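Beneath this line is the structure, given in structure tokens, with notes to follow.
The values are calculated or read from the model by the stated rules, or taken from the named source; none is laboratory data. From a predicted model like this one, the values you see are computed outputs, not experimental measurements. Don't worry about glycine lacking a Cβ; one is built from the backbone with ideal geometry, like all the others, and counts go over all protein chains shown. Heads up: the accessible areas ignore ligands, DNA and RNA and are worked out on the full protein's heavy atoms, side chains in. Shrake-Rupley method; radii C 1.70, N 1.55, O 1.52, S 1.80 Å.
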Amino acid sequence: GRGAAEVERLQGGERRVVGGGAGSARRRELKGVIGGKIDEWLRQNQGNIRTMRAKLGDVLWENHGYKSPGLNDLIEANAVKKAYHKALIIIHPDKVRQKGGSTDQCYIADRVFDQVRDAYKAMCEKEM
């Protein structure tokens with residue numbers, strides 16, 4: 001059934017989505033602080049999958065467990081493919097949520113995953 005807070009809200013005529021309050025405010029705050037850091041990372045890497053992979057740790061959360069490969073380790077397309085799949089284990093938004101990731105971690109994963117995926121696809125079209 002429904003929780004008491006949800007029923008009260010419905011009876012009061014509110015149409016707000018459950019969880020939209022504090023979580024939305026937190027996401028706006030994250031967009032400013034963490035979003036700026038991610039935007040700078042994107043600007044520096046210009047969609048280059050190799051530098052994105054080498055510098056991914058710069059935008060991830062504390063204790064993320066990702067080991068950034070050196071640029072020398074990302075020369076061959078196959079090496080980039082391996083590094084990409086290793087990163088997905090850590091940055092895929094579904095994986096982060098399954099592991100109980102915080103709002104901060106989920107926000108970072110959502111932003112970074114899309115950019116890394118797009119850069120990887122672009123590299124595959126050019127090199128593979």
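Restricting to the stretch 2-58, give me the number of residues that are among the polar types (S, T, N, Q), modelled with pLDDT of 80 or more, open to solvent by 60 Å² or more (accessible area, probe 1.4 Å) and assigned to a helix (DSSP H, G or I).
Adding up the residues that qualify gives 1.
One line per residue, one yes/no per condition, for (1) touching a helix residue (DSSP H, G or I) at 6+ places or on another chain (Cβ under 9 Å); (2) open to solvent by 70 Å² or more (accessible area, probe 1.4 Å); (3) outside any loop (DSSP other than H, G, I, E, B):
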| position | (1), (2), (3) |
| --- | --- |
| His64 | yes, no, no |
| Pro69 | yes, no, no |
| Arg97 | yes, yes, yes |
| Gly100 | no, no, no |
| Asp104 | yes, no, yes |
| Val112 | yes, no, yes |
| Ala119 | yes, no, yes |
